[in-house]
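Participant: Pasting a structure below so you can have a look.
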Amino acid sequence: MTSFVYDSEQLSAIAPEALCREGLAYFKDNRVIDCYEQEGALYAKVEGSSAPNSPYYLELEHNDQGKLTVSCECGTHPEQLCKHAIAALVSFTQDTIEQGSYVSAMEAAIQDRKKRGQTEVRVTHLSGHPWFGKWQAYSIDASGPRQRRYEVHMRSMQERINFCTCPDRANNQLGTCKHIEAVLHKIGKGKKLVGKDFESAATFCLSCLGWRRNDQIATHQQFTCRFNGFTRSVF
Ligand SMILES: [Zn+2]
Ligand SMILES: [Zn+2]
């Protein structure tokens, strides 16, 4: 399945961080004049930095291995993306979202985090009761033995108000990431244990299994049960 829809995490997987930022700035600057998909290729016209009247024409394609290749008038090597290519991808992704495939694109992106949460992440509960609070997530890098460590703060089973220190959670606008999904998966698997803990946690709301966060409380997180108004504080 080849598509030119790339979210922030997918982009940072195929291009260096600094280049992604440059491309995004180009897009925000409205430098993408034209961008469309035709017969499996993405064609774009992107305004350059020094000569606004002479835009760069570029063409993006997936090669036989599914790797994205670019042919741009700026002269960058085809297997290295340039900022014009990044700007075009961001623009195409944005257009797709605006044209109404938004919900399915979001849903697909969440499913992707769920799937990867189960295979690429290990989690341990650090503190909180019964499973609220802090978790540590180890992200197993597919490209090597390197492990990345992030901290997940669990606030709800149902609402997308959980927090993670990873860059994907900060940028993807999905309200979740593979680390949060890994914790949710683990909690789901340990239903027996969770059930037992529910009974002993007197302050925990049994009717909704989730709490709504009150943002106006600055010193600590306060959660209110959306059905019966019980509150619970997490410091
Ligand atoms: Zn270029
Ligand atoms: Zn995360």
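The values are calculated or read from the model by the stated rules, or taken from the named source; none is laboratory data. The structure displayed is predicted, hence computed values, not measured ones. Ideal geometry is used to build each Cβ from the backbone, glycine not excepted, and the neighbour counts take in all protein chains shown.
Participant: Could you check segment 2-41 and list, in sequence order, the residues that are of a type in the set (S, T, N, Q) and closer than 21 Å to Asn63 by Cβ?
Facilitator: Within segment 2-41, Thr2, Ser3, Gln10, Ser12, Gln38 meet the criteria.
Participant: How about segment 52-92: which of its residues are more than 10 Å from ligand 1 (Cβ to nearest atom) and in contact with a Ser or Thr (Cβ under 8 Å, 6 or more places away or on another chain)?
Facilitator: Within segment 52-92, Glu59, Leu60, Glu61, His62, Asn63, Gly66, Pro78, Glu79 meet the criteria.
Participant: Right, another one. Among the residues in segment 92-102, are any aromatic (Phe, Trp, Tyr) and part of a strand (DSSP E or B)?
Facilitator: Looking for residues that are aromatic (Phe, Trp, Tyr) and part of a strand (DSSP E or B), one finds none in segment 92-102, hence no.
Participant: Under the condition of being without any contact (Cβ under 8 Å) to a residue 12 or more places away in the chain and of a type in the set (Gly, Ala, Ser), which residue from segment 110-143 is surrounded by the most Cβ atoms within 10 Å (Cβ to Cβ)?
Facilitator: Ser127
Participant: Hey, Gly175 hits all of (1) buried (at least 18 other Cβ atoms within 10 Å of the Cβ); (2) at pLDDT 80 or above; (3) part of a loop (DSSP other than H, G, I, E, B) but one; which does it fall short on?
Facilitator: (1)
Participant: For residues in segment 141-172 being of a type in the set (S, T, N, Q) and modelled with pLDDT of 85 or more, which is farthest from ligand 1 (Cβ to nearest atom)?
Facilitator: Applying the filter and picking the extreme gives Asn162.
Participant: Continuing with this model, one more query. Return the residues of segment 1-20 that are surrounded by 14 or more Cβ atoms within 10 Å (Cβ to Cβ) and over 19 Å from Met106 (Cβ atoms); say none if nothing qualifies.
Facilitator: Of everything in segment 1-20, those that are surrounded by 14 or more Cβ atoms within 10 Å (Cβ to Cβ) and over 19 Å from Met106 (Cβ atoms) turn out to be Ile14, Ala15, Leu19, Cys20.
Participant: In segment 54-75, is there at least one residue being within 17 Å of Ala25 (Cα to Cα) and under 27 Å from the mean Cα position of the chain (by Cα)?
Facilitator: No, the conditions are met nowhere in segment 54-75.
Participant: Output the qualifying pairs, or none if there are none: Cβ atoms under 8 angstrom, residues six or more apart or on different chains, first residue in segment 77-99 and more than 13 Å from Val5 (Cα to Cα) and free of Cβ contacts under 8 Å to residues at least 12 places away in the same chain, second residue within 12 Å of ligand 1 (Cβ to nearest atom) and small (Gly, Ala, Ser).
Facilitator: Cβ pairs passing all conditions: Pro78/Ser71.
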